Amino acid sequence: MKNKLSQCSCLLIGLLMPVLGLAQQDKEPDQRPPARGEHGNSRDMAPAERLQRMLQHFDTDKDGILTKEEFKGDQERFKRMDANGDGKVDAKEMEAIKERMKQFGGRRPGGRGGRGGRPGGGGGRDRGPDNSPAIDQAAPDFTLKLLGKEKEIKLSKKYAKKPVVLAFGSYTCPPFRHSLTGMEEVYQAHRKDCHFFFIYVKEAHASDGRVSPANTHRGIEIKQHKTYEERSGAAKTCKGKLEITMPILIDSLDNAVAMQYGGVPNRAYLIGKDGKVIYKGEKGPMGTQPDQVKAAIEKLLAE
């Protein structure tokens with residue numbers, strides 16, 4: 001009987017040894033990335049907190065700076081986070097990202113929103129065809145009137161003298177309203193170096209179309225323009241409410257210039273003296289990034 005118990009004990013110990021070994025390994029620091037739900041349900045976290053955790057995970061050397069090489073996610077997303085285009089996302093850029101997420105209901109800059117960012121839609125990236133000029137391609141020429149004046153501006157006559165910055169947008173586009181403060185700062189800093197023009201286009205969230213909750217909250221109600229005078233009136237309202245000093249051009253009712261540049265709901269461009277596109281923002285609601293425009297101008301001036 002004792003022999004049988006001894007044999008059973010040995011067998012049991014033999015079976016338990018691998019389990020005990022695994023338990024011992026579990027006590028050692030785990031170098032693997034945290035599994036989904038390992039530190040709680042990420043769905044219960046605020047969007048900015050989820051983004052912070054993701055960036056901390058990719059920051060392998062824990063220096064507080066995320067490099068392009070460290071980031072293993074979507075490289076297009078990294079480009080949107082890297083405001084100055086230096087291949088790094090530092091603490092300042094991280095705070096700017098979180099601030100924009102708070103501003104736009106927790107969405108990542110350039111991330112998916114409600115309705116795909118279609119003209120008149122509700123946010124997110126516009127995934128439709130982009131027929132705008134590519135970098136190093138000639139910018140389509142156009143002639144538009146200045147707000148409140150009979151004077152016409154021909155693009156090719158302007159870039160022949162110095163580079164041109166174009167900012168397409170409308171007052172009912174919440175991300176564009178948010179970016180205009182920064183664009184005004186860039187304009188004030190570089191108005192002697194470049195021509196700047198804010199091109200007013202069709203309303204992104206007209207009150208008789210897809211209404212934005214952010215506009216409703218702020219009492220912004222503008223119907224889609226049916227006449228040139230209505231579009232000019234909307235541009236004048238935008239200029240006054242947001243204290244815009246940048247020259248404003250009014251696109252035609254057929255939205256011809258906006259269509260050539262993919263400028264709806266908003267987008268920024270830098271055009272060189274040779275008439276070629278040096279920089280352009282991404283297509284969609286996050287198409288106007290003042291930091292990127294400023295970086296592109298300063299890079300051009302340094303050449």
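The values are calculated or read from the model by the stated rules, or taken from the named source; none is laboratory data. On a predicted model such as this, the values are computed, not experimentally measured, just so you know. Every residue, glycine as well, gets a Cβ built from its backbone with ideal geometry; the counts of neighbours run over all protein chains shown.
Scanning the range 265-280 for residues that are part of a loop (DSSP other than H, G, I, E, B) and either surrounded by fewer than 24 Cβ atoms within 10 Å (Cβ to Cβ) or of a type in the set (Lys, Arg) (or both) returns Gly272, Lys273, Asp274, Gly275. Name the single residue, out of those in the range 208-239 being of a type in the set (S, T, N, Q) and under 16 Å from Pro175 (Cα atoms), that is surrounded by the fewest Cβ atoms within 10 Å (Cβ to Cβ). Among those residues, the one meeting the criterion is Thr216.
Return the total of residues in the range 187-245 being out of contact with any strand residue (DSSP E or B) (no Cβ under 6 Å at 6 or more places or on another chain) and in a loop (DSSP other than H, G, I, E, B). Matching residues across the range 187-245 total 27.
Given the criteria closer than 23 Å to Asp136 by Cβ and modelled with pLDDT under 95, does Gly262 qualify? When the stated conditions are applied, Gly262 does not pass them.
Each row is one residue, and each column tells you yes or no for (1) modelled with pLDDT under 70; (2) touching a Leu at 6+ places or on another chain (Cβ under 6 Å); (3) in the same structural domain as Thr216 (by TED's automatic domain parsing).
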| site | (1), (2), (3) |
| --- | --- |
| Glu76 | yes, no, no |
| Glu99 | yes, no, no |
| Arg112 | yes, no, no |
| Pro133 | no, no, no |
| Lys149 | no, no, yes |
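For the range 199-234, filtering for residues that are more than 23 Å from the chain's Cα centre (by Cα) and touching a residue at least 40 places away in the same chain (Cβ under 8 Å) leaves 5. Considering the range 132-171, the qualifying strands (runs of 3 or more DSSP E), each wholly inside and each with 1 or more residues that are crowded, with 19+ Cβ neighbours inside 10 Å, run over 143-146, 164-169. Give the number of residues within the range 172-185 that are surrounded by 24 or more Cβ atoms within 10 Å (Cβ to Cβ) and of a type in the set (Val, Ile, Thr). Count: 1.
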